[in-house]
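Below is one structure, written out as C-alpha cells; comments come after it.
The values are calculated or read from the model by the stated rules, or taken from the named source; none is laboratory data. The shown structure was predicted, so the numbers you read here are calculated from the model rather than taken from an experiment. Cβ atoms come from the backbone with ideal geometry, glycine included; neighbour counts cover every protein chain shown. The area values use the complete protein model at the heavy-atom level, side chains included, leaving out ligands, DNA and RNA. Shrake-Rupley method; radii C 1.70, N 1.55, O 1.52, S 1.80 Å.
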Amino acid sequence: MAIEQTFSILKPDATARNLTGAINALIEQAGLRIVAQKRVRITREQAETFYAVHRERPFFGELVDFMISGPVVVQVLEGDNAIVRYRDIMGATDPAKAAPGTIRKVHAKSIGENSVHGSDAPDTAAKEIAQFFSDNEIVG
Ligand code: CDP
Ligand code: MG
C-alpha cells in the first residue's frame, strides 16, 4: 500500500476541552504518524477558503463561526493509505452515527462541534496541506 499524507484539524471544541493529547494518542495508536503540527487561530478568510465547497450549505455560517471561535491544531498525518484510514479513525460526521472507539464517537459534542477534520481524497489532502504548511515544516 502507498504511503500517503492527509490533513487534519483538531477543532475548537477539542482544544477548549484540553483534548489535543487524547486525540493525538488515538491517531498514533492507530499507526499514523504526526509529521507536522501547529496550534493556531485561523482567520475568517482562511476558514471560508478551507470550507468553500460548503459555501451554499445551510450550516456554512455556523461552521465558519465555530472554526474561528478558538484555537485549532492543524496537522499532517502520514501512513499507509492515510487518507481513508484517518476517516475511519475519525468516525462519521455525526457522532451519534460514529462507530465505537472512533475519535468522534469518543469525543465529539455534536454534528457541528465534532472535534476533528480529515481530508476526503488525495487532491483535497494536497490542497489543504498546502493552505497551512510549507514543505520545510513537514518532517517525516
Ligand atoms: O467533516 P466531514 O468531512 O465528516 O463532514 P462534511 O460533510 O465535509 O462537513 C464539514 C463540517 O461541517 C462537519 O465536520 C461539521 O463540522 C459541519 N457540518 C455541520 O455543522 N452540519 C451538518 N449537517 C454537516 C456538517
Ligand atoms: Mg468533509
- Task: Can you spot the lysines whose alpha carbon is less than 17 Å from residue 105's alpha carbon? Ignore those fewer than 8 places along the same chain.
- Result: 11, 97
- Query: When the accessible area of the range 71-126 is split by element with a 1.4 Å probe, what percent falls to carbon and sulfur?
  - Reply: 55 percent
- If r is the Cβ-Cβ distance from residue 136 to residue 96 and R0 is 41 Å, what FRET efficiency results, to the nearest 0.05? 0.50
- Query: Residues of the range 2-140: accessible area per residue at 1.4 Å, in Å²?
  - Reply: 51 Å²
- Note on the structure: Debye calc, one equal point scatterer per Cα of the range 28-77, no solvent, log10 I(q)/I(0) at q = 0.13, 0.23 1/Å comes to -0.40, -0.84
- Partner aspartates and glutamates for residue 38 [C-alpha distance under 18 Å; skip if fewer than 8 residues away on the same chain]: 13, 28, 78, 128, 135, 137
- Note on the structure: Between residue 43 and residue 3, the two model label points (7 Å from Cα along the beta-carbon direction) sit apart by a distance in nm of 3.5 nm
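Percent of alpha carbon pairs in the range 43-140 separated by more than 18 Å?
53 percent
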- Query: Contour minus end-to-end for residue 18 and residue 105, with contour as 0.36 nm per residue of separation and end-to-end as the Cα-Cα distance?
  - Reply: 29.6 nm
- Is any helix in the chain, taking whole DSSP H runs, at least 15 angstrom long along its axis by alpha carbon and on average at least -0.5 on the Kyte-Doolittle scale, and which ones? 122-132
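Size of the dipole of the chain about the Cα centre, Lys and Arg at +1 and Asp and Glu at -1 on the beta carbon, nothing else charged, in debye to 20? Walk me through the intermediate numbers first.
Values: 16 positive and 18 negative charges, 89 e Å.
In total the dipole reaches around 420 debye.
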- Tell me, what is the FRET efficiency for residue 65 and residue 121 to the nearest 0.05, using R0 = 25 angstrom and their Cβ-Cβ distance as r? 0.45
- Query: Could you state the number of Å between the C-alpha centres of the range 48-75 and the range 85-120?
  - Reply: 16 Å
